[in-house]
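The values are calculated or read from the model by the stated rules, or taken from the named source; none is laboratory data. These numbers come from a predicted model, not from an experiment. A quick note on method: Cβ atoms are made from the backbone with ideal geometry, for glycine too, and the neighbour counts reach across all protein chains shown. These accessible areas exclude ligands, DNA and RNA; they are computed on the full protein's heavy atoms, side chains included. Shrake-Rupley method; radii C 1.70, N 1.55, O 1.52, S 1.80 Å.
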Amino acid sequence: MLASDVICMLRQLRYFDIILVSGDLAWEKPEREIFRKACRFLNVEPDNCIMVGDKLETDILGGIEAGLGGTIWIPTLDKPPLLRENPQPDFTIRHITDLLSILNRGPDAPELEDSSSNASDGS
């Protein structure tokens, strides 16, 4: 099942302005250009975008290297724990519906725990 299908099925599509599939473009993650293309398409600066993904080595690393405003890792059950040598996401969540706790934060909302404090490696 494609990521866009899952997003539609969970009724989360309203939170996304664009969904790019790297297989449909000339670049693949973690190449910066795929992220920059999305920003140009949306006419926004990279630091006003976030990357949500399940792969540290492509999704999170690419978002970091493209200078996006944030990265959110949703590890699947078969993923090993986050290690210090891995690209470090800004947040780690367990289910896509947990995005609401990040996306709905207002300017006065309390800070959420970052990925270094809720990662499964015990740190």
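Considering only residues in the range 44-94 that are modelled with pLDDT under 90 and among the basic types (Lys, Arg), the one that is farthest from LEU25 (Cα to Cα) turns out to be ARG94.
Scan LEU103, LEU77 and give me the residue that is aliphatic (A, V, I, L, M) and open to solvent by 90 Å² or more (accessible area, probe 1.4 Å).
None of the others qualify; the one that does is LEU77.
Name the single residue that is surrounded by the most Cβ atoms within 10 Å (Cβ to Cβ) among those in the range 45-66 being touching a Gly at 6+ places or on another chain (Cβ under 7 Å) and in a helix (DSSP H, G or I). Give the steps one after another, and end with the answer.
Initial filter on the range 45-66 (touching a Gly at 6+ places or on another chain (Cβ under 7 Å)): 46-51, 59-60.
Filter once more, keeping what is in a helix (DSSP H, G or I): 46-48, 59-60.
Values: PRO46: 17, ASP47: 12, ASN48: 11, ASP59: 23, ILE60: 28.
Among those that are touching a Gly at 6+ places or on another chain (Cβ under 7 Å) and in a helix (DSSP H, G or I), it is ILE60.
All conditions but one from (1) open to solvent by 70 Å² or more (accessible area, probe 1.4 Å); (2) at pLDDT 85 or above; (3) closer than 17 Å to LEU103 by Cα apply to ARG14; the one that does not is (2). Condition first: surrounded by fewer than 13 Cβ atoms within 10 Å (Cβ to Cβ) and of a type in the set (A, V, I, L, M, F, W, C). Now tell me which residues in the range 80-96 satisfy that. The one that is surrounded by fewer than 13 Cβ atoms within 10 Å (Cβ to Cβ) and of a type in the set (A, V, I, L, M, F, W, C): LEU83.
Filtering PHE41, PHE35 for residues that are among the hydrophobic types (A, V, I, L, M, F, W, C), modelled with pLDDT of 75 or more, open to solvent by 40 Å² or more (accessible area, probe 1.4 Å) and outside any loop (DSSP other than H, G, I, E, B) leaves a single hit, PHE41.
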